[in-house]
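Step one of this worksheet: look at the structure below.
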Amino acid sequence: MDTRSLSVGFVGAGRAANALALGLHDIGYRVTSVASSTLASAEDLAGRIEGCTPHPTPQEVADGCDLVFITTPDDAIAAIARNVRWHSEMGVVHCSGAETASLLEAAQECGAMIGSFHPMQTFPITNLGAASLSGVAFAVEGPSDLIDTLKEMAHALGGWPVEIGPQYRALYHLSGFLACGAVITLVSQAAELWNVMGYTKEQGLEVLLPILRSTVASLEAQGTPAALTGPISRGDVGTVRKHLDALEGQAPSMIPIYCEIALGTVAMSRDKRGIDHAKEQEMRTLLEDRLARARTLFVV
């Protein structure tokens with residue numbers, strides 16, 4: 001069966017739904033229905049897809065589609081699965097990164113095939129459709145017939161599927177957080193240091209964005225730990241001591257996060273063979289001592 005002949009619907013019309021619905025439409029899938037808790041959101045998304053109808057309730061999407069993607073916030077998924085009358089000729093898939101397909105157990109009890117389809121990607125307010133999904137990994141889960149369809153969709157979108165065991169689902173989602181949300185938090189703290197130097201945080205971010213872009217490019221080209229740069233990777237203990245002294249005097253609350261990250265960098269530098277055993281131990285002693293001292297002063 002050509003999966004592009006399936007009638008595909010969405011429950012939820014946020015950023016993930018916009019990316020997936022527009023992306024699937026761009027590559028020839030029949031996206032025919034969308035519902036949202038705010039009808040205007042469903043109308044906005046449906047209005048950009050020829051032949052797509054907005055609906056006020058999930059039931060209308062379920063009644064008219066072969067495959068339904070639930071793209072709501074995670075906390076709403078199970079309730080939608082319980083409150084919709086599904087049927088045995090359809091598939092129901094959620095797009096949560098942290099949750100397994102078992103969250104849709106109520107739909108399975110109605111006879112529907114259940115699964116999950118999560119793109120390891122963050123989506124901007126302005127969506128680029130299929131272009132925003134090219135090269136992206138999709139965590140897929142489900143029975144064989146459904147998972148074959150989901151894998152085909154992942155490839156058609158220009159991405160690639162990965163199968164994550166239920167016991168590893170939280171780690172999978174955590175890896176995405178560390179590469180995205182945690183990085184944004186860290187960059188935000190780096191930009192805030194510019195307040196101490198007499199500039200605004202926004203000006204600090206403007207300074208830092210080029211090095212951030214260059215870092216991502218190096219990661220893509222070289223991977224880790226080869227892309228690692230900086231004083232720790234060179235074994236420059238004196239510079240690290242200056243960093244710590246500056247933080248103690250001007251931004252002491254940042255010492256714990258600096259030390260924890262730096263200790264990880266020490267391990268990477270050892271793997272990269274950028275530092276020898278003696279330099280590694282000297283660096284660890286410095287960082288662990290300052291971290292212990294900071295923890296006596298701050299609740300971390």
Restricting attention to the stretch 176-208, which residues are closer than 25 Å to Ser269 by Cα and open to solvent by 60 Å² or more (accessible area, probe 1.4 Å)? Phe177, Leu178, Ala179, Ile184, Thr185, Leu186
Residue that is nearest to the chain's Cα centre (by Cα), among those in the stretch 213-228 that are touching a residue at least 12 places away in the same chain (Cβ under 8 Å) and open to solvent by less than 90 Å² (accessible area, probe 1.4 Å): Thr215
Mind listing whichever residues of the stretch 36-57 are open to solvent by less than 40 Å² (accessible area, probe 1.4 Å) and over 24 Å from the mean Cα position of the chain (by Cα)? Ala46, Ile49, Cys52, His55
Starting from the stretch 279-295, take each residue that is over 18 Å from Asp245 (Cβ atoms) and list its partners that are open to solvent by 70 Å² or more (accessible area, probe 1.4 Å) and assigned to a helix (DSSP H, G or I), counting only C-beta distances under 7 angstrom and pairs at least six apart or across chains. Glu280/Arg270
Here are the criteria: (1) within 17 Å of Arg169 (Cβ to Cβ); (2) not in a loop (DSSP other than H, G, I, E, B). Tell me which single one Gln108 does not satisfy. (1)
What tally of residues in the stretch 122-155 results from selecting those that are modelled with pLDDT under 95, buried (at least 18 other Cβ atoms within 10 Å of the Cβ) and either touching a Leu at 6+ places or on another chain (Cβ under 8 Å) or charged (D, E, K, R) (or both)? 4
So for the stretch 88-100 (the condition being assigned to a helix (DSSP H, G or I) and in contact (Cβ under 8 Å) with a residue 24 or more places away in the chain), does at least one residue qualify? no
Could you list all residues from the stretch 252-275 that are under 14 Å from Thr239 (Cβ atoms), modelled with pLDDT of 95 or more and among the aliphatic types (A, V, I, L, M)? Ala262, Val266
With the requirement that a residue be within 19 Å of Thr149 (Cα to Cα) and either open to solvent by 30 Å² or more (accessible area, probe 1.4 Å) or in contact with a Lys or Arg (Cβ under 8 Å, 6 or more places away or on another chain) (or both), what does the stretch 68-96 give you? His87, Ser88, Glu89
Failed criterion for Leu22 (all others in (1) out of contact with any helix residue (DSSP H, G or I) (no Cβ under 6 Å at 6 or more places or on another chain); (2) surrounded by fewer than 24 Cβ atoms within 10 Å (Cβ to Cβ) hold): (1)
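The values are calculated or read from the model by the stated rules, or taken from the named source; none is laboratory data. Note that this is a predicted model, so its numbers are computed, not measured. No Cβ is skipped: glycine too gets one built from the backbone with ideal geometry, and neighbour counts run over all protein chains shown. These area figures cover heavy atoms from the full protein model, side chains too; ligands, DNA and RNA do not enter into them. Shrake-Rupley method; radii C 1.70, N 1.55, O 1.52, S 1.80 Å.
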